[in-house]
Structure formats: structure tokens, C-alpha cells
1. Given the criteria modelled with pLDDT under 95 and at negative phi, does THR51 qualify?
2. Check off (1) under 30 Å from ASN33 (Cβ atoms); (2) modelled with pLDDT of 95 or more; (3) buried (at least 17 other Cβ atoms within 10 Å of the Cβ) for HIS83 and give me the number that stays unchecked.
3. Run GLY46 past the list (1) touching a helix residue (DSSP H, G or I) at 6+ places or on another chain (Cβ under 8 Å); (2) of a type outside the set (A, V, I, L, M); (3) over 21 Å from ALA158 (Cα atoms) and report the number of the one that doesn't hold.
4. Considering only residues that are touching a residue at least 60 places away in the same chain (Cβ under 8 Å), assigned to a helix (DSSP H, G or I) and not charged (D, E, K, R), which ones fall in the range 55-96?
5. Test each condition in (1) buried (at least 18 other Cβ atoms within 10 Å of the Cβ); (2) without any contact (Cβ under 8 Å) to a residue 24 or more places away in the chain; (3) more than 30 Å from GLN40 (Cβ to Cβ) for TRP52 and report the one that comes out false.
6. Tell me, please, whether a residue that is within 30 Å of VAL13 (Cβ to Cβ), touching a residue at least 12 places away in the same chain (Cβ under 8 Å) and either in a helix (DSSP H, G or I) or of a type in the set (S, T, N, Q) (or both) can be found in the range 126-149.
Amino acid sequence: MSLTNRPDRYGLVSRLLHWTMFLALVYQFVGANIMSRMGQGASVFGMVGDTWYDWHKSIGLVLLLLVVARLIWRRTTPLPEWHPSLTEVERRIAHRVETLLYWLLFALPVTGYLFVMAGGYGVRLFGVTDLPNPIGKQEWVWIVWSLHVLGAYLLLVAIAWHVGLVVRKHGFERTGLADRMLPFRR
């Protein structure tokens, strides 16, 4: 198994970054829904609200590091060629959706960080250590919160398109498209 991408398949590093980010994003969306709906003093899966918030903020910062690593890897490693089953229109749309995904994957942690710092909430990294707040409380906090929430919904739409295309091509049309990124396919 190659670390780098081949003309017909993504390499181990690309797949590891892709699936690690996928799992972190699943946690982020599930965790955001849990923490925003918890009552005062409630506990879900043994974690109280503050713990859910700490982990959401911490994983968000990890996602920021992962997207930067992924962009660097993408710029320094050639991509596989387009899958032959994709039409020219699908390729153009896929490219635009992928660009949107990268922007959102960068913007969401940034807006989340700005929100918690400008809101005076701070970041207790994995519940262990408080990060310094270089911003302090700001009146414009609601703007970045709105951008963060809007970005999350846009990310869901972009992910839905990405997954929908792969499921249609791989599952219904039987093109083998997903084999290029699935972790255990030859």
C-alpha cells in the first residue's frame, strides 16, 4: 500500500486524513446537537454539558490542524486522475464542492474559536488546560456565531452532495468510484 497517491487511487496518507476528518466531523455534528439540547445539570453518555462543549471546541481545533495538513498534502502530492465514470459536468461540480468543503473546513474552526473567545467562554483544551484568550469579550460575537451555524449547515449540504455522488456512482451504477478512497479496498 502506497503512502502517496497513485493515478488510480488515493494513498494511505490521503485516506487517513480523509477518514480521520470524517470521524471528527461526525463527532462534531452529533456532539453539537447533544450539547445544544442538554438541560442544566443533565448528562449524556456520562458527560455533562461543559464537557461536551470542551470536547467540541477541542476537536474543532484538531480539525483545523487536520485541514491545514490536508491542504499541504494536497498541494505537495499529485491527485489521482478523475474517475472515468464522472462526466465533465460532474467533475466541474465536484471540483467546486470540494473547494467549498475546504473553505468550510477551515472557516468553521476559525469562526468557532472566534465565537468562544469573543463570547468570553474560552477553550479548555480536552478539559485539561485553558487556552489564553487574545480577543476578550466583544459585542460582535453574535456575527461569528451566525457564520459558524450557517457554515455548519452549508457543510452538511456539501457533504450530502459529495456522499450522494459517491453512493450513486459506486452503489447504483457499480463504477467502483469509492474503492479509490475506502480504507480496505484493493
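The values are calculated or read from the model by the stated rules, or taken from the named source; none is laboratory data. Just so it is clear, the structure is predicted and the values come from calculations on it, not from any experiment. Quick reminder, even Gly has a Cβ in these numbers, built from the backbone with ideal geometry, and neighbours come from all protein chains shown.
1. Yes.
2. (1)
3. (1) is the only condition that GLY46 fails.
4. Across the range 55-96, the qualifying residues are TRP55, SER58, LEU61, TRP73, ILE93, ALA94.
5. (3)
6. For the range 126-149, residues within 30 Å of VAL13 (Cβ to Cβ), touching a residue at least 12 places away in the same chain (Cβ under 8 Å) and either in a helix (DSSP H, G or I) or of a type in the set (S, T, N, Q) (or both): present.
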